[in-house]
Every structure is written in C-alpha cells, then in structure tokens.
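K.L.:
Please read through the structure below; I'll follow up with questions.
Just so you know, all these numbers are worked out from the coordinates, no wet-lab data involved. It should be emphasised that the depicted structure is a prediction, and the values quoted were computed from it without experimental measurement. Here the Cβ positions follow ideal geometry from the backbone for every residue, glycine too, while neighbour counts run over all protein chains shown.
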Amino acid sequence: MNMETIVKEKGKRTSVPILPPISGDGRGKGGWGGGMPPGRSHYSLPIHPAKFGLWLFIAASVMLFAAFTSAYIVRSSAGDWLQFGMPSVMWYGTGALILSSVAVHFALKSIKAGKIDLFKKAMLLTVALGGVFIAGQFLGWAQLRASGLYLDTNASSAFFYMLTVTHIVHLIGGIIALSLVTTKGLLGRYNENNCLGVELCATYWHFLDVLWVYLFIFIIIT
C-alpha cells in the first residue's frame with residue numbers, strides 16, 4: 001500500500017507519493033538499487049581481461065599468417081617458382097616443439113593439481129625443448145644458405161624465410177614468456193590457486209606449436 005503525504009499548494013490538496021525507504025546498506029533488493037555500484041561499469045568481460053587480450057593477439061597472428069600463405073599460393077603458380085625440400089634438421093626441431101607443447105600441458109596440469117615440483121621440472125623441459133627448436137631453425141637456414149638458397153635467390157626462398165622468420169620471432173617472444181613464468185615458478189610464485197600466468201603461457205605456446213605444424217605441412221605440400 002503506497003504511502004501518501006498531503007501537500008497544500010495555493011489552497012489545493014495534492015497527493016504526492018512517498019517512495020518506501022531503501023533497506024539494508026542503501027543498495028536495495030537487487031544490490032545498488034538493482035543497478036551497479038557507484039563508479040563501476042555494468043559490463044564485464046566473460047573471460048579474464050588478460051585471456052581476452054591474448055586471444056585478440058592470437059587472432060591477429062592467425063590473420064597475418066593467413067595473408068602470408070594466401071600470397072604464397074598465388075605466387076607459387078608463376079612459372080619461375082623454385083621447388084626445394086625442407087631442411088632435414090627442421091624435422092627434428094618440429095619434433096622438439098611438439099614435445100615442448102606436451103611438456104607445458106603437463107606443467108599446467110601439475111600446478112593445478114598442486115604438484116609444484118613436477119610443474120617446475122616440466123617448465124624447465126619446455127624451455128629447453130623450445131631452445132632446441134630455435135637452434136634447429138637457425139641450422140636449417142644455414143643448410144639452405146650452404147645449398148645456395150638465399151632470401152633473394154627466388155620468390156620461393158623469400159617466402160620460406162619470411163614465414164619461418166616471422167614464426168620464430170613470435171616463438172622467441174614465447175620463450176621469453178616461458179622463461180619468466182619458469183623463474184617465478186622456481187621462486188614459488190605460483191600454486192594451484194594462482195596460476196593464470198602459467199595458463200596464458202601454455203595457451204600461447206600451444207598456438208605457436210599448432211601454427212608451426214600448419215606452416216611445416218603447408219610448405220611441404222605446396
């Protein structure tokens with residue numbers, strides 16, 4: 001039942017409704033009057049902002065490499081395209097990268113299970129295998145140069161260097177992130193309730209792994 005007060009205005013009686021008092025801490029039944037706290041936005045991301053930013057970066061990288069491989073396909077249709085095989089050492093590097101992805105997955109599962117020692121060992125192994133892959137890429141480029149294939153030798157060699165170098169730049173960034181996370185892990189900064197950094201690093205590393213496998217197969221079959 002609405003409460004009313006009577007107000008006299010120039011001899012007239014006017015009914016003015018009085019709102020019921022706000023109960024509790026002033027936020028009403030729905031909390032802050034069913035709205036939002038002062039100074040707070042009513043919208044929030046469905047995922048952690050750091051994860052959202054990472055996925056945006058991954059999406060941008062996917063578009064970049066999609067553009068590169070599309071241009072590769074178009075250019076390879078020209079009659080002067082030079083065919084050459086993947087350097088043998090890069091096969092071993094690819095195997096090391098796949099194993100590193102398995103290792104970082106194991107590290108993430110270990111930290112979430114509270115197995116700190118296993119987490120540390122798995123992260124160290126991931127960094128080591130990532131280093132093996134990087135070394136394999138440089139040795140592969142050296143093999144190409146030894147066989148007379150340079151950046152300006154042919155459009156095919158130019159595209160090969162462009163794809164592999166762009167990927168290795170992304171991967172070096174991943175190695176830096178892995179190293180930072182591993183260092184923090186060795187210092188005891190992570191546990192089963194605080195492992196966002198590990199999860200972000202693992203997600204990015206898996207992306208780099210999948211991206212390289214895609215590029216590796218793409219180069220072989222085209």
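K.L.:
With 22 Å as the cut-off, how large is the P(r) tail for region 84-221, expressed as percent of Cα-Cα pairs? Please list the in-between numbers first.
P.N.:
On the way: 3777 of 9453 pairs.
Percentage above 22 Å: 40.
K.L.:
Net charge near G185: determine it from the other residues with C-beta under 15 Å of the C-beta of G185, scoring Lys and Arg +1 and Asp and Glu -1.
P.N.:
Numbers: positive: K109, K112, K115, K120, K121, K184, R189; negative: D117, E192, E199.
Residues close to G185 contribute a combined charge of +4.
K.L.:
Place +1 on the Cβ of every Lys and Arg and -1 on the Cβ of every Asp and Glu in region 84-221, take the dipole about the Cα centre, and give the residue among I168, F207, G188 whose Cα lies farthest towards its positive end.
P.N.:
Value: G188.
K.L.:
Treating only the Cβ atoms of Lys and Arg (+1) and Asp and Glu (-1) as charged, compute the dipole magnitude of region 84-221 about its Cα centre; round to the nearest 20 debye. Can you show the working numbers first?
P.N.:
On the way: 8 positive and 5 negative charges, 79 e Å.
So the magnitude is around 380 debye.
K.L.:
With θ set to phi - 60° and the Karplus curve 6.51 cos²θ - 1.76 cosθ + 1.60, what are the ³J(HN,Hα) couplings of region 102-111 in order, to the nearest whole Hz, using x for Gly and Pro?
P.N.:
Per-residue couplings from phi come out as 5, 5, 5, 5, 5, 4, 5, 5, 5, 5 Hz.
K.L.:
Let me ask something else about it. In the neighborhood of K115, defined by Cβ-to-Cβ distances under 12 Å, what is the net charge if each Lys or Arg adds +1 and each Asp or Glu adds -1?
P.N.:
Working: positive: K109, K112, K120, K121; negative: D117, E192.
Here the charged neighbours net out to +2.
K.L.:
Report ³J(HN,Hα) in whole Hz for each residue of region 175-189, in order, from the Karplus equation J = 6.51 cos²θ - 1.76 cosθ + 1.60 where θ = phi - 60°; Gly and Pro get x.
P.N.:
Residue by residue, region 175-189 yields 5, 4, 4, 4, 5, 5, 5, 5, 4, 5, x, 5, 8, x, 7 Hz.
K.L.:
Show me the ranking of peptides 100-110, 57-67, 172-182 by mean Cβ neighbours inside 10 Å, starting with the highest.
P.N.:
Values: 100-110: 21.3, 57-67: 12.8, 172-182: 17.5.
Output ranking for 100-110, 57-67, 172-182: 100-110, 172-182, 57-67.
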